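First comes the structure, then the notes that go with it.
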């Protein structure tokens, strides 16, 4: 049965979900997205990727600041939708909005609920060293990612997984599970979440990107991968503040007791090996403030005094 659907989303992650609905037998009657924000060096107003996709498809776009205004609530109710699909929208929905569509609101969430409820489930899963994550299609309620799960799909987290690569995998997986869900909505069985295993994925901030060489190499590696492409891990080396885009764990035959955490063990075209609080981390791609992101060979060409 064809459904009349309101879609709500904002960033790149939500675009494949919107596209799969636009290509389906269902009708996307409206798209809700965050108001245009200033971005880039010119600080010009920029539409979200979801808005751009909707406009290309000729779907009406709504951009309320929130749903506190009765006029915004009434405008959504007037759409007389069967279902509202929410994917990384960025706004908490009040009960009046959750109740407006005939079949309520569903959310595509990038974790295996109840683990990693909240704003940054992709990055938190990598930083925690999880072996797997996934995507859930959830019936929304007034809580933060607390609704009953309609469908779930697991996904391995590879040893070299970054925030970007896992984002892309889960975005695609989310579109697949959403299509399956809306096509078979009447037959889905909702499974309430348990209270066991609840973990919150708090929003990322730039301050936590500043790492310390006193941490173990394994911890640094996980955070560097998690924070790529934002907020990008930062470490100081030889009085330079570096953004670390890529690194690797390495075994070393060197007597590490002769080095302090943060000291370079060796630097060559293979990488810059640095002693950490436990083990050795090899830097492979770095960036100085105000300069381009560089592979380590190019960085060392600019800093030949670092070569060992």
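Any read-out appearing in this document is the output of simple, stated calculations on the displayed coordinates, not a laboratory observation. Because the structure is a prediction, the values reported are computed rather than measured. In this analysis, Cβ positions are derived from the backbone assuming ideal geometry, glycine residues included, and neighbour counts consider all displayed protein chains.
Tabulated results
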{"read-out": "The chain: most fluctuating residue of 47, 39, 261 per GNM, C-alpha cutoff 10 Å", "value": "39"}
{"read-out": "DSSP-defined antiparallel bridges as percent of all bridges, the chain, nearest 5", "value": "65 percent"}
{"read-out": "Choice from 43, 103, 282 showing the highest fluctuation, given a GNM over the chain with Cα pairs closer than 10 Å", "value": "43"}
{"read-out": "Residue among 51, 102, 222 with the largest mean-square fluctuation in a Gaussian network model of the chain, springs linking Cα atoms under 10 Å", "value": "102"}
{"read-out": "The chain: relative contact order as a whole-number percent, Cα under 8 Å and 6+ apart", "value": "13 percent"}
{"read-out": "Rounded to 10°, Cα long-axis angle of helix 163-183 versus longest principal axis of the chain", "value": "20 degrees"}
{"read-out": "Average Cα contact separation per residue, the range 207-306, under 8 Å, 6 or more apart, as relative contact order %", "value": "27 percent"}
{"read-out": "Shape box of the range 207-306 [Cα atoms, principal axes, largest first, Å]", "value": "35, 30, 21"}
{"read-out": "Exposure proxy ranking, count of Cβ atoms within 10 Å, fewest first, for 303, 26", "value": "303, 26"}
